[in-house]
Amino acid sequence: MRVIVTGGAGFIGSNLILRLFKNHEDWEIYNIDKLTYASDHSYLKSLKDSGRYYFKKVDLVNRDEVHDVVQTFRPQGVIHLAAESHVDNSIQGPEPFIQSNIVGTFNILEECRLLWKEDEEAWKNNRFLHVSTDEVYGELEDDGFFTEETPYAPNSPYSASKASSDFIVRSYHQTYGMNVVTTNCSNNYGPHQHGEKLIPVVIRNALNQNEIPVYGKGENVRDWLFVHDHCDALEVAFQKGKSGETYTIGGNNEWKNIDLVRKICDILNEEVGKGPDGDYKNLITFVTDRLGHDFRYAIDASKIKNELGWEPSQDFDGMLRQTILWYMNKYNSK
Ligand code: NAD
């Protein structure tokens, strides 16, 4: 099986490729990625000479490049993760989000449609998995959960661009009957995330004795999922998901930002113990809130559990500690 993974040099894509490579010895994996500032292809260096992992630098916004790569690799499946992914950047400058997330999704989807429709078997069997976010649903108050039925109400340019891409993918199933599945996942944490995201920022700033910035009063709530669990869910959705369906994915693991930051500081106190006055929590500084900051995200992941048998693992403390140790190693070795 020939599978294209887009955005495979990013956080989730690289973890996913390592997993797919290990689990499917008969798969050839083609990673196509623009290699933006958010990427780091070195994480996959162990696969370089494997003979069944290939990389090509491709900007999905460039239709000619996408056409060439789809025609050359002739994928039997695509797992589409490439996107501009940082909400703060989308507030500063939305245009790359509109281009990469909306136009980029259209280009790869359309090139697959054109290739796969040439052959009846390919049209039936070849699958496009679109990886999206729970942020498309907007925000929750103290109660309730997002499900696949929740109406879309994106609030940031990032979530609006992802919502747009979800709709384009949906329309390819409704209109052409294309074999697509969409997943909407909560916040991921784990190894190889770009340093701009919350958990790496907290660890890096703490280790450097810098202030740890927390938006507003840190009351916003997120549902955290270990990246390997997300990759497990993506593998399941890609292989077993029903065409035209969407699946919400979450960790059943809600944390106020401030409580999560304090928890990371406590683990760093145990592992390193060099915080000011013996406590990294003394570095926490509240900063002006993000514009349009969604209050709470939480996922009800019963559909993927009941229909596809996927569940998140439960050991948040252990996986968070493992993540912190990974970043300690990364930042100390620089
Ligand atoms: P990331 O920013 O770490 O990686 C994105 C990758 O996409 C990068 O390697 C980048 O170079 C590539 N890319 C960006 N624009 C491109 C373009 N025009 N052409 C080709 N490649 C391009 O992001 P991530 O956290 O790994 O997220 C991956 C996907 O999962 C995204 O679609 C995101 O919306 C979704 N998602 C992320 C989370 C999360 O918590 N990180 C949660 C739910 C969904």
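Where a number appears in this text, it was derived from the coordinates with a stated rule and is not lab data. From a predicted model like this one, the values you see are computed outputs, not experimental measurements. Counting neighbours? That spans all protein chains shown, and the Cβs are built from the backbone with ideal geometry, glycine included.
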Cα long-axis angle, helix 63-73 against the chain (0 to 90 degrees, to the nearest 10) = 70
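What is the antiparallel percent of DSSP beta bridges lying wholly in the chain, to the nearest 5? Before the final figure, lay out the partial values.
Values: 4 of 41 bridges.
Around 10 percent antiparallel, to the nearest 5.
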inquiry  = Under a Cβ-only charge scheme (Lys and Arg +1, Asp and Glu -1), can you give me the dipole magnitude of the stretch 1-81 about the Cα centre, in debye to the nearest 20?
reply    = 120
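Could you work out the relative contact order of the stretch 208-334? I mean the mean sequence separation of Cα pairs under 8 Å and 6+ apart, divided by the number of residues, in percent. Please list the in-between numbers first.
Working: 151 pairs, mean separation 48.9, N = 127.
For the stretch 208-334, the relative contact order is 39 percent.
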key: Degrees between helix 198-207 axis and first principal axis of the chain (Cα, 0 to 90, nearest 10)   = 40
key: Set of aspartates and glutamates near Lys56 by C-alpha distance (under 15 Å), chain-local residues within fewer than 8 positions excluded   = Glu28, Asp33, Asp40, Asp64, Glu65, Asp68
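If you filter the stretch 248-286 for trypsin sites (Lys or Arg not before Pro), then keep DSSP loop positions with at most 14 other Cβ within 10 Å, what is left? Mind showing how you got there, number by number?
Values: sites: Lys256, Arg262, Lys263, Lys274, Lys281; in loops: Lys274.
Loop-located and lightly packed - Lys274.
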task = Obtain the nm distance between the two label points defined at Glu196 and Glu219 by a simple spin-label model: each point lies 7 Å from its Cα along the Cα-to-C-beta direction.
result = 2.8
Extreme residue, positive dipole direction of the stretch 56-119, given options Asn89, Thr105, Val78 (C-beta unit charges) = Val78
inquiry  = Could you tell me how far the Cα centroid of the stretch 108-184 sits from the Cα centroid of the stretch 188-233, in Å?
reply    = 26
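If you average the sequence gap of Cα pairs under 8 Å that are 6 or more apart and divide by the length of the stretch 173-258, what percent do you get for the contact order? If you can, show how the numbers build up before the last one.
Numbers: 113 pairs, mean separation 40.9, N = 86.
Computed over the stretch 173-258, the figure is 48 percent.
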query = Pairs Lys162/Lys330; Lys256/Lys281; Lys117/Lys305; Lys124/Lys305; Lys57/Lys197; Lys22/Lys45: which exceed 21 Å Cα-Cα?
reply = Lys162/Lys330; Lys117/Lys305; Lys124/Lys305; Lys57/Lys197
query = Taking +1 at the Cβ of each Lys and Arg and -1 at the Cβ of each Asp and Glu, which of Ser42, Trp116, His194 sits farthest along the dipole of the chain towards its positive end, judged by Cα position relative to the Cα centre?
reply = Ser42
task = Report, in degrees rounded to the nearest 10, the 0 to 90 angle that the Cα long axis of helix 104-116 makes with the longest principal axis of the chain.
result = 30
ask   = Mind checking the log10 I(q)/I(0) for the stretch 224-303 at q = 0.20 Å⁻¹? Debye, one equal scatterer per Cα, no solvent, two decimals.
value = -0.98
request  = Estimate the FRET efficiency between Gln209 and Asn329 by the formula 1/(1 + (r/R0)^6), using the beta-carbon distance for r and 30 Å for R0, to the nearest 0.05.
outcome  = 0.95
query = Once you put a point 7 Å from the Cα of Gln322 and another 7 Å from the Cα of Val272, both along the Cβ direction, what distance in nm separates them?
reply = 2.1
query = According to a simple spin-label model (label point 7 Å from Cα along Cα-to-Cβ), what is the distance in nm between Gln174 and Ser302?
reply = 2.6
key: Length-normalised contact order of the chain in % [C-alpha pairs under 8 Å, at least 6 apart]   = 17
